[in-house]
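Peer 1: Quick one: structure below, then a few questions.
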Amino acid sequence: MRKVILGLLSVLFLPAAFLHAQGKTDVYILGRDKGTVSSMQTSGVTLLDARAVTKKLGGSVELYAAAKQIKVAFPGMYAVLSAPLDEAVVNAQTVKLPAEVVASGSKIFVPVQFFMLPQVEKALDRQITFENNALIVEKNFTVAFTDKEQKEKYDRLHFFQKGEIAFTSQQKNKHTVEVVFPNAVLKRSASQRLKDDFIRSFTLTQHGKDVRLKVILGKKAKTWRFAEENGELVFAAAEKDLPLVSSSSVNAEPETEAAEELDLSPSVQEEDLQTLPVMKAEPLPVMISAEPEIKEKRKLRIMIDPGHGGKDPGATRRGSAQEKALNLTVSKHLYNYLKKQGFDVKMTRDKDEFVTLAGRSKMANDFKADLFVSVHTNAARRAAANGFEVYFRSDKATDKEAAEVAAFENEALQYEEAHYSFVDMLLESMAKNEFMNESSKLAGHIRNYVYKEPGIGIAVRQNNAIRQANFYVLRGVKAPAVLVEMGYISSAKDRARLNNKAAQKRMGDGIGKGIVSYLKAERKIP
């Protein structure tokens, strides 16, 4: 009995790779074979190696195997997927998936339907389908040849259409019918000889902005029709006894046999025209409001974040106020300055209380802040370290000292009863590439105006006052965001100025003037 129990336990705790048989899936991009990616089956759903597929599609990936999570990014969109959830977070919206994400070793497998989402297709400007265990990526086409039928009494050609597309059809002469799709995009040219009594051959080509279908009728074809049937387009030709409506003939000289053959150039062979049937997955439901958001004119919103607070004192020195108090005092001066300028301003805290790092960025996002400014006081082991600095977020620090500053400020995480989850952190990610440039500009304006503001008495070095580092408090903000280090509490000179009430107000005013200068330069305000 003990052996049976142990055997069952060994099965229960097998790695995911053994619970889901792994295989290979082909990837075709714009008609070219791009090799294979690892795949697996679960509950009838195919799952693909998310990292491998994303790389083949030209996207970027952040894989966190230990957390069983992956962030996938394409131009204009990002998504976070976590095992074992059956959903994805796409541009901060939750999308249901047909099966759970699976973590297997260092790989994250996601349902193939994820890569067929409208958001992914839009970001890539491609159409993505899955058929015969192949992921097929095509240009964003509207028309494609899919299949043919050759029966005893009729021939039929089947065509995929995306949405409802316009077309005109006419019989050019005794042998030739032409269908034109204006402003359409063809998936791939097609040309085949059926050599049948009803349809002898056809060509489907792109001509500028139009797609043209040319059908050469067979000797027994007396009637034909091109129409929509059950969501697809069908060309049918027959002799009689079929519900087909013939189009009016156009008087023209009949084409010669040689002309017919010229339309079927030997350079276009049937093997070049192998087109897999296009099967589109049903769009997955995106949990968003049915009503579009109506943007009304409003005041620009600025969130001020006094660093630390409550049980988190920040930097401290004997004979000086704690950092949390200095940050709050200057932040209140900054608040008053910006309110007088007519902005809608909020603070993450207005008293000595603890606020989590994730909570601060969430407050800014809930407020729909246009700017986020976190106010701090620096500290260093070297007593000689001094001066004003302003940071914007980057995964890579400017230098070792910048990395140390970020590490110190990020220590606030130790005071949080529950660290915010990796999913939340990425979900609320400010998409650093999107806001990095604006944040750097904001940092430059703040540096310049603090430098110009008289009566502060803290050095502002033009060549290295703007720096980059990975601050958690900036990581979740969906707006240009900077972190100000007003000076070093570990420096006797800076500490004296930071404790000076007049200098504190000047510091708040200087930061505020820099914000106003940035907004004017970027034409956010007149």
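Peer 1: Evaluate the following for residue 323: is it farther than 15 Å from residue 303 by Cβ, among the charged types (D, E, K, R) and in contact (Cβ under 8 Å) with a residue 60 or more places away in the chain? Please lay out each step first, then the result.
Peer 2: Working: farther than 15 Å from residue 303 by Cβ: yes; among the charged types (D, E, K, R): yes; in contact (Cβ under 8 Å) with a residue 60 or more places away in the chain: yes.
Yes: the conditions hold for residue 323.
Peer 1: Also, I was wondering about something else. Can you find, within the range 97-141, the residue that is nearest to the chain's Cα centre (by Cα) among those that are more than 20 Å from residue 77 (Cα to Cα) and acidic (Asp, Glu)?
Peer 2: Among them, the one singled out is 100.
Peer 1: Can you tell me how many residues within the range 162-187 are of a type outside the set (Val, Ile, Thr) and crowded, with 18+ Cβ neighbours inside 10 Å?
Peer 2: In the first step, residues of the range 162-187 are kept if they are of a type outside the set (Val, Ile, Thr); the result is 162-164, 166-167, 169-175, 178, 181-184, 186-187.
Subsequent filtering for residues that are crowded, with 18+ Cβ neighbours inside 10 Å retains 167, 171, 175, 181, 184, 186-187.
Residues in the range 162-187 being of a type outside the set (Val, Ile, Thr) and crowded, with 18+ Cβ neighbours inside 10 Å: 7 in total.
Peer 1: Next question, about the same structure. How many of the residues making up the range 445-464 are touching a helix residue (DSSP H, G or I) at 6+ places or on another chain (Cβ under 6 Å) and farther than 22 Å from residue 520 by Cα?
Peer 2: Filtering the range 445-464 down to residues touching a helix residue (DSSP H, G or I) at 6+ places or on another chain (Cβ under 6 Å) leaves 445-446, 449-450, 453, 455-458, 460.
With the extra rule that they be farther than 22 Å from residue 520 by Cα, the set shrinks to 455-458, 460.
Total meeting the criteria: 5.
Peer 1: Run down 122, 148 and say which single residue is on the phi < 0 side of the Ramachandran plot and assigned to a strand (DSSP E or B). Steps first, please.
Peer 2: On the way: 122 fails: assigned to a strand (DSSP E or B).
Answer to the selection: 148.
Computed from the coordinates by the stated procedures, all read-outs in this text should not be read as laboratory data. Keep in mind the model is a prediction, meaning the values are calculated, not measured. Here Cβ is always computed from backbone atoms with ideal geometry, including for glycine, and neighbour counts include all displayed protein chains.
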